[in-house]
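J.: Provided herewith is a single structure, encoded as structure tokens, for subsequent inquiry.
The values are calculated or read from the model by the stated rules, or taken from the named source; none is laboratory data. The structure presented is a predicted model; accordingly, all values stated were derived computationally and were not measured. A quick note on method: Cβ atoms are made from the backbone with ideal geometry, for glycine too, and the neighbour counts reach across all protein chains shown. The area values use the complete protein model at the heavy-atom level, side chains included, leaving out ligands, DNA and RNA. Shrake-Rupley method; radii C 1.70, N 1.55, O 1.52, S 1.80 Å.
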Amino acid sequence: MSSVNRRRLLIGGIAVPAAALMAGGGYRLFGGADTASAADSVLRAGDLKMPPGTPFRLVALSGKGPMGQTYDRPPNYETPAERLIGRENYPYTDNDYYYVRYREATVLQLNPDNYRLTIGGASAANEITLSLDDLQARATTTVGAVGMCSGEGRGLHHPMIPGMPWTKGDLSCAEWTGVRISDLLKEVGLKDDAKYASFGAGRQLSLTKPEYWRTYPLASVQQNPDAILAVKMNGEDIPLWNGYPVRLVVPGTWAPTWTKQVVSLEIAATPHPMEWSGRPITPNKLSVFSMISTPTDGTRIPFGRKVEITGVAFDDGSGITKVEISQDDGRTWQPVTLDRSYGKYTWRVWRAQIGFSGRGEQRVLSRATSADGKVQPLEPDPEKLANGGRKETASRTFAAVYEVV
Ligand SMILES: Nc1nc2c(c(=O)[nH]1)N[C@H]1C(S)=C(S)[C@@H](COP(=O)(O)O)O[C@H]1N2
Ligand SMILES: [Mo]
């Protein structure tokens, strides 16, 4: 590795390897002539299989803390690893650092005084309109849940695959308070042919993108007592960038289908014509996953010193039974200590004391095992990846890379 790769730069108080910054610069130039080659050479640097850290510059959206700017329009900001866990005895990501992912170029700022949720559709018995106060009065369910985008880790994959090049911060965890979807369905009443529930965001000021609609098979939200329209996040108003004033949360499932800025719930016998993916959402359950949060990538650790490694682990709600770490790229594994559970959909914080047997670049991997016997894979399944499995790169193990000096 060249000397520039060894230099550590300070950004927002966080040490980031220069090589990682170069990778970030390359990624941001979407379609630029030298984009692929610049990122490619960094990904291949030395024995590093992936560039460390959040290689994007830290930028604060209004009302948010400094986060990794994967892309600005649409706003895509990843949670810095050391901000995933809010604080001691509080596993949830602070609202200021919860990741931001939009597919629309602009975000609609809905006026809370005029806000209305319309519930209706061809297979609803009635049509009802609820104000924000109405929803807040019905918001009796609180549930912790991991929000994870299918883009997690995509930018670390080699060879590069299309899509937003997220590194490791395309996920967060929060405690949501809201109204049960099943209660809203009871209130509006259903016709016999009701089969799908579609959640629509307000019209965004985009010339190219349609409104964001997501269609669920009705039973999947009706029979899930934790599927809610949330009005609070960690006990506060939901930040604009995370869906203020109302967003869908379906714990245990991938977050891309959790419509933000929800203004319509439509019940019909058919999927909504504007469903983002063009087809109804399948069960969509989160895979078993773990990652290291601190120390962050690029941290210099004095040789001979023990450090505490902290991380998170979760699955779709069956529970985490074991997390292990490896310091030899997955040949051998040692168990870590799990903190207590805060709820079946809340990630489990874990920690381990480790030392390093050598100096220089040191990689640490983590892997989780769930109560239903699933083990986080070392690498994405190549077959599923080849068949267009968009989530394959998201749930594999990711190395934290340190420099022992
Ligand atoms: N209205 C709207 N809702 C949306 C999206 C969007 O582009 N518009 N993106 C989805 C995607 S892809 C993800 S991963 C999550 C991200 O939620 P967050 O920004 O609160 O982290 O929101 C989902 N809900
Ligand atoms: Mo996403």
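J.: Filter segment 360-389 down to the residues that are outside any loop (DSSP other than H, G, I, E, B) and closer than 15 Å to D328 by Cα and list them by number.
T.: Once the filter is applied, which keeps residues that are outside any loop (DSSP other than H, G, I, E, B) and closer than 15 Å to D328 by Cα, segment 360-389 yields G360, E361, Q362, R363, V364, L365, S366, R367.
J.: If you scan segment 303-318, which residues turn out to be outside any loop (DSSP other than H, G, I, E, B), open to solvent by 10 Å² or more (accessible area, probe 1.4 Å) and closer than 29 Å to N284 by Cβ?
T.: T310
J.: Same structure again: So if I check each of I325, I238, which one is away from ligand 2 (no atom under 16 Å from the Cβ) and farther than 19 Å from E175 by Cβ?
T.: I325
J.: So, one more: Please pick out the residue among T118, T167, T141, T177 that is farther than 27 Å from N76 by Cα and touching a Ser or Thr at 6+ places or on another chain (Cβ under 6 Å).
T.: T118
J.: Same structure again: With (1) modelled with pLDDT of 95 or more; (2) touching a Gly at 6+ places or on another chain (Cβ under 8 Å); (3) within 16 Å of ligand 2 (Cβ to nearest atom) as the list, and V100 as the residue in question, which single condition is left unmet?
T.: (2)
Let's see how each residue does on (1) part of a strand (DSSP E or B); (2) within 13 Å of ligand 1 (Cβ to nearest atom); (3) open to solvent by 40 Å² or more (accessible area, probe 1.4 Å):
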| site | (1), (2), (3) |
| --- | --- |
| E211 | no, yes, no |
| V221 | no, no, no |
| N224 | no, no, no |
| A230 | yes, yes, no |
| Y244 | no, yes, yes |
| L248 | yes, yes, no |
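J.: Within segment 283-302, how many residues turn out to be within 20 Å of A81 (Cα to Cα) and surrounded by fewer than 19 Cβ atoms within 10 Å (Cβ to Cβ)?
T.: 3
J.: For segment 152-195, give me each residue that is outside any strand (DSSP E or B), crowded, with 21+ Cβ neighbours inside 10 Å and within 16 Å of ligand 1 (Cβ to nearest atom).
T.: The answer is E152, G153, R154, G155, P165, W166, T167, K168, G169, D170, I181.
J.: From the list T332, T346, T321, which residue is part of a loop (DSSP other than H, G, I, E, B), modelled with pLDDT of 95 or more and open to solvent by 20 Å² or more (accessible area, probe 1.4 Å)?
T.: When all the criteria are applied, what remains is T332.
J.: Name the residues in segment 273-290 that are touching a Gly at 6+ places or on another chain (Cβ under 8 Å) and under 19 Å from T253 (Cβ atoms), would you?
T.: K285, L286, S290
J.: Condition check: open to solvent by 10 Å² or more (accessible area, probe 1.4 Å) and more than 14 Å from ligand 1 (Cβ to nearest atom). Does A122 satisfy that?
T.: Here the answer is yes, as A122 does meet what is asked.
J.: Step by step: first the residues of segment 131-151, then only those that are open to solvent by less than 10 Å² (accessible area, probe 1.4 Å) and aliphatic (A, V, I, L, M), then the one that is nearest to ligand 2 (Cβ to nearest atom). Which residue is that?
T.: The residue in question is M148.
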